[in-house]
Amino acid sequence: MTVTGSSGQAAEPRPARFGLAAGVSKPVYDQSSVVVKFKAGATSAARKQALGRSAGRASDSITHDVVKVTGSEPATDLLKKLRADPSVELASLNYIRKASATPNDELYAANQKYLPTVRMPQAWDVTKTAGSQTVAVLDTGVDAGHPDLVGRTVPGYNVLAPGTAPVDDNFHGTFVAGVIAANTGNAAGIAGVAWNAKVQPVKVLDQYGEGTDDEIIAGINWATSHGARVINMSLGGPGDNPILHDAVDNAVAKGVVVVVSAGNSGDNVPQFPAAYPEALTVGATDDNGSLTGFSSYGDWVDLAAPGFDIASTVPRALAPNFPYGLASGTSFSAPIVAGVAALVRNKYPAFTPAQVVAQLKATARDAGPRGIDPYYGAGILDAYGALGGTWTSEFPSAAPDGNDYPAKASPINGNAITGSIDSEGDVDWYKIDSPARNAVVTVTSPEYSSADYAQNMGPVVSVYDRDLRIIGAAQTPSPKLDDEGHEVIGSLDAATNVNLIDGTTYIAVRSYNGSHDSRPYLLTIGDSTTYGNATGDGVWIRDASVASLSTNVPLDIAPRVTFGRSVPPGVITSDTVRLINGKTGASVATNLSYDTDTQTVTLIPTAPLLDNTPYRIWIGAIQDADSRYFTGYSSWFRTVDNAPQPVGSFTGTGAYLGATLTWKVPPTTDLDQVIIRRNVGNTAPSLSTGTLVYAGTGAAVKTTGLANATTYTFAAWVRDRSGKLSSGAVARLTGTKTAAGLKSTSVTYGAAVTLKGTMLKIDNKPVPGTPVALYWRPKNVATFKLLTTLKTTSTGAVSFTYKPSVSSVLAIAYLGSTELMGSRSANLLVEVKPTISAAISPTTIALGATTKFYGAVRPAHAGQPVYLQQYINRTWKTLANVKLTMTGSYAFGIRPRTRGTYAYRTVFTADADHAQAISVAKAVTVR
């Protein structure tokens, strides 16, 4: 088969034009400070009072009247207090600004307004590099010398003429390459999606934009084996080739993300390689996020991105003075996605191709029918979301128009009525009561111009008798062309001659393409002299209990679908009739009930549906009683957006000066965040009071900086993306107070010390049998160690006796529980003095003789000095010192110079372990 670049397929969008002339994110602020401007006359005392009342402090003076104020509570709480102060003129959160990533490229502001549609500017604030990720562009070649592509290309390959450069002799490949990787921020031309990515040109299409499967396959294989991490193929056509499929499958298996344009046929005929499940297939929207009239659609479409009036680079040979142009097509939607895929691969280098695709689809913004649909796939690309940014709102969806089924057909009073195709895939039903006659039924579209409108209606009209058997049909799927093949701007008609039977006639109007067109069409019924010819099959679906595109559908709904013909019960199975979760694509467990009298099947879910969730009613291929096949049916609805359920199992575990909070996040399809706040005392906080503890999507948080002997009450809420809040869940941790004392704060080595303490709730009630930890540390060591664990008595008391070997710091602590905060006593210091023995021998000596003063220090302090002191004139005077031996003993020789009685003692000075110790005094007499 032959495939073509997607811009050249059936229902071609507006032609390329060359030689052009030249979203909301949440503010971020510092969480602990605000900026305050005081009133001009505010005194220094008034300013201090304002800061005191708000528990804030002025950390930086910006001007005389403007200061930065910081505090221990969240900035939002600090701001409320300061704004209320009479001395404050202005107060604001201290917002964090970033260097803007808005490109300065000359065509960006005027001609690339579609990039905010996919939140590209916000994505560039996250990352502006694709790193080493190379994007292969399998196309008509690339003008590598283009001034906006210089430095952006790597060596490529010409499949059509191996050995020659992959030069672009069309325009398509250069245009695609510019969308991905035109030099951004160079003050010229356009901004490329991937900012500074590398493009690998692989020429697989000729100067007419055509190439054969063998050439496409060769290009895929070459790019896969030459370093491509992303392949963009803005090409395709009908006809499945399993060898082409194998090449795509092989590329993905080797780690390549393959991005393919959906095609421009404006119908649901599968295009290849777009329809291969391994490919990431992209449809086209306008700047507003609405599907274009030319974009192919089907269940094989994965994502959508802008593809109307896209600005990009064109070969210099086509527009030498200013080589840029505008063009439309899914060809130019795909490279937007391919460029973002390169950014995602660079940020998450461990991602497999499947994970990259999953990331892009999971973060896409829903558009059209809610949930996964054949028009937008998972939604419209959100580059910022794909790179880890916060979510934003979905694109709007049309409301039910009330006439989607024959049973709900709008009556025609007269011979004309207007309507519009309000949503993708919309079918409008009408009915007229008329006598038997020949008639012509005509649908006239609004003005058709692919140059001026991204959505154009190609009218299709079908006429049915009262039994819903078809009696006429016509369609105009393409615009009119003049003799030179140029599009003629004007309305399109679809007209069919029919033989009306006396009574009710039904008329169905739709557009041949999948897009909507809010401009009105005109349906007229006129007289005709021509007989109609009934052709084709009748209507399969007569009615449904849930109109397509319905919102706020109850969670206990059991949808019903009524057939327009007799269907045997045996064909109604879970394989042919399903309720599908529109977000995940998974089938919902249902019991099927079929009433053969009314031909109505009821889908009864086995469990209530999830709130604010899209669902799809799907009917596959079935046969009626006459063995005629039905080709399939889908309709979409969304359940009611209830407030979220509160968190489950919300508990706190107290600690000293902190607590750990845990909870279970309830099943929430659109979770925004769990919010935790706290109050001091027993009163639960509200969303506007107390202190913010946590706001996020987790299931636990540790909070610190709490006060000793204080009760805290916490409240938790769940908020969904629409702003709805659950009821609050409350957890309370009662404060405790722990005290301790020592009977003696100084003991000698070897003696015991007794510590007595209490652990009580702050209302002085005991908690019997509660474990309390006794900690100790040497006096000059910073780290406490657990000495023992005690249990409180019926009065909350604890007691412990032990022998400290060194001077020690003691404290008792209650570590907290699921009901109580932790607490600890003040530090208690117990000094330990060594024992010093002392003796003099002999105690009586002759003048001129020597006696020995000796003893020992316990515990031994080998090498430590001890000092000999004599009592002279009512004062102890140091005479000498010696170092203790290994056993802690010491000895001095004493020889007084005069007769008399003398007193001596030994002193051990305090060290890191022990307090000062002094021996008993000993006397010696000199004769």
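Bear in mind these aren't lab numbers, they're just calculated from the coordinates by the rules spelled out. Source: prediction; values computed, not measured. Cβ sites come from the backbone with ideal geometry, for glycine too, and all protein chains shown count toward neighbours.
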Self-check item: Pairwise label distance in nanometres, Arg316 with Glu89, each label 7 Å out on the Cα-Cβ vector
Solution: 5.9
Quiz item: Gap in Å between the Cα centre of the range 262-298 and the Cα centre of the range 806-868?
Solution: 88
Quiz prompt | Kirkwood hydrodynamic radius (C-alpha pairs) into Stokes-Einstein, the range 736-833, 10 °C and 1.306 mPa s, D in µm²/s | solution = 117
Self-check item: For the range 752-764, 3J(HN,Hα) per residue [Karplus equation, 6.51 cos²θ - 1.76 cosθ + 1.60, θ = phi - 60°, Hz, x = Gly/Pro]
Solution: 9, 10, 10, 9, 10, x, 9, 10, 10, 5, 5, 8, 6
Quiz item: How far apart, in nm, are two points set 7 Å out from the Cα along the Cα-to-Cβ line at Gln623 and at Thr898?
Solution: 13.9
Self-check item: Centre separation in Å (Cα based) which lies between the range 685-739 and the range 410-483
Solution: 60
Exercise. Set the Förster radius R0 to 30 Å, insert the Cβ-Cβ distance between Asn104 and Lys254 as r into 1/(1 + (r/R0)^6), and round the FRET efficiency to 0.05.
Key: 0.20
Quiz item: Based on the Cβ-Cβ distance from Tyr871 to Lys791, what FRET efficiency comes out when R0 is 30 Å, to the nearest 0.05?
Solution: 0.05
Quiz item: Using 0.36 nm per residue, how much length does the chain from Thr164 to Ser132 gain when fully extended, once their Cα-Cα distance is taken away?
Solution: 9.0 nm
Exercise. Hey, for a label at Ser32 modelled as a point 7 Å past Cα toward Cβ, could you say which residues of the range 666-703 have their backbone N under 16 Å away?
Key: 692-694, 703
Quiz prompt | Under Karplus coefficients 6.51, -1.76 and 1.60, residue-wise ³J(HN,Hα) of the range 454-462 in Hz, glycine/proline x | solution = 6, 10, 10, 8, x, x, 10, 10, 10
Quiz item: Once you put a point 7 Å from the Cα of Tyr531 and another 7 Å from the Cα of Lys48, both along the Cβ direction, what distance in nm separates them?
Solution: 10.8
Quiz prompt | Neighbour net charge for Gly377 - beta-carbon separation under 10 angstrom, K R +1, D E -1 | solution = -2
Quiz item: Which whole-Hz ³J(HN,Hα) couplings does the range 597-608 yield from phi under the Karplus relation 6.51 cos²θ - 1.76 cosθ + 1.60, θ = phi - 60°, glycine and proline marked x?
Solution: 5, 9, 6, 10, 9, 10, 9, 9, x, 6, 9, x
Self-check item: Rounded if a/c under 1.5, otherwise prolate or oblate - the range 255-406, Cα gyration tensor axes
Solution: oblate
Quiz prompt | Cβ-based net charge around Phe714, under 10 Å, with every Lys or Arg adding one and every Asp or Glu removing one | solution = +3
Exercise. Could you grab the Rg to Rh ratio for the chain? Cα atoms only, Kirkwood for Rh.
Key: 1.22
Quiz item: If you count the DSSP beta bridges with both ends in the chain, what percent of them are antiparallel, to the nearest 5?
Solution: 85
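Quick one: which of Lys37/Lys80; Lys408/Lys583; Lys80/Lys724; Lys833/Lys883 span more than 20 angstrom between C-alpha atoms?
Violating the 20 Å limit, Cα to Cα: Lys408/Lys583; Lys80/Lys724.
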Quiz item: Taking 0.36 nm per residue of separation and subtracting the Cα-Cα distance, what length does fully extending Ser649 through Ala416 add?
Solution: 77.6 nm
Quiz item: To the nearest 0.05, how large is the calculated FRET efficiency for Ser841 and Ser799 if R₀ is 45 Å and r is the Cβ-Cβ distance?
Solution: 0.50
Quiz item: Using alpha carbons only, what's the Rg to Rh ratio of the range 692-743 with Rh from Kirkwood?
Solution: 1.17
Quiz item: Tell me, in nm to one decimal, what length is gained between Asp467 and Leu725 on full extension, where the rule is 0.36 nm per residue of separation less the Cα-Cα distance?
Solution: 87.9 nm
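Please rank Glu424, Glu278, fewest neighbouring Cβ atoms within 10 Å first, as an exposure proxy.
So the ranking, lowest neighbour count to highest, is Glu278, Glu424.
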Quiz item: Along the charge dipole of the chain, which of Thr134, Ala910, Thr330 sits closest to the positive end, that is, farthest toward it, with unit charges on the beta carbon of Lys, Arg, Asp and Glu (+1, +1, -1, -1)?
Solution: Ala910
